[in-house]
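J.: Take a look at the following structure, please.
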């Protein structure tokens, strides 16, 4: 029974991560342009007041965006389903970056 449960968990995890068939590497999630490691390195250059275009040029497109585009999420390739992870959350007021920081991902949901 334990083996079946473990196999089910592993299959669920594998289904949540897109893999490049040629290299076997995990691909960025959603509409995200770059791998999360690259995004986090570049995020050190973020400054409040940057425009959305400046952020796009710096980090690429986000994995997820709120319906009005005021919150952008950059996500790691892994879902954070069994092991909690961190996402990068950006908040905009109008076209201007107002806040940014890491947000926890627990059970696959960004908090």
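J.: Determine, yes or no, whether residue 92 is surrounded by 13 or more Cβ atoms within 10 Å (Cβ to Cβ) and within 13 Å of the chain's Cα centre (by Cα).
T.: no
J.: Applying the selection to segment 53-67, what residues are over 17 Å from the mean Cα position of the chain (by Cα) and either under 12 Å from residue 90 (Cβ atoms) or at pLDDT below 95 (or both)?
T.: Of everything in segment 53-67, just one residue is over 17 Å from the mean Cα position of the chain (by Cα) and either under 12 Å from residue 90 (Cβ atoms) or at pLDDT below 95 (or both), namely 54.
J.: Let me ask something else about it. Quick one: is residue 58 part of a strand (DSSP E or B), in contact with a helix residue (DSSP H, G or I) (Cβ under 9 Å, 6 or more places away or on another chain) and touching a residue at least 12 places away in the same chain (Cβ under 8 Å)?
T.: On the way: part of a strand (DSSP E or B): no; in contact with a helix residue (DSSP H, G or I) (Cβ under 9 Å, 6 or more places away or on another chain): yes; touching a residue at least 12 places away in the same chain (Cβ under 8 Å): yes.
Criteria not met by residue 58.
J.: For segment 53-69, how many residues are surrounded by 14 or more Cβ atoms within 10 Å (Cβ to Cβ) and within 19 Å of residue 103 (Cβ to Cβ)?
T.: 9
J.: Output the residues belonging to segment 27-52 that are farther than 16 Å from residue 63 by Cα, touching a strand residue (DSSP E or B) at 6+ places or on another chain (Cβ under 7 Å) and not in a loop (DSSP other than H, G, I, E, B).
T.: Passing the criteria: only 51.
J.: Scan segment 82-106 residue by residue and report those that are farther than 20 Å from residue 41 by Cβ and in contact with a helix residue (DSSP H, G or I) (Cβ under 6 Å, 6 or more places away or on another chain).
T.: Correct list: 95 only.
J.: I'm told residue 105 meets every condition in (1) modelled with pLDDT under 95; (2) assigned to a loop (DSSP other than H, G, I, E, B) except one. Can you identify the failing condition by its number?
T.: Residue 105 satisfies every listed condition except (2).
J.: Further, regarding this structure: Considering only segment 7-26, state which residues are at pLDDT below 75 and either in a loop (DSSP other than H, G, I, E, B) or touching a helix residue (DSSP H, G or I) at 6+ places or on another chain (Cβ under 9 Å) (or both).
T.: 17, 18, 20, 24
The values are calculated or read from the model by the stated rules, or taken from the named source; none is laboratory data. It should be emphasised that the depicted structure is a prediction, and the values quoted were computed from it without experimental measurement. Cβ atoms come from the backbone with ideal geometry, glycine included; neighbour counts cover every protein chain shown.
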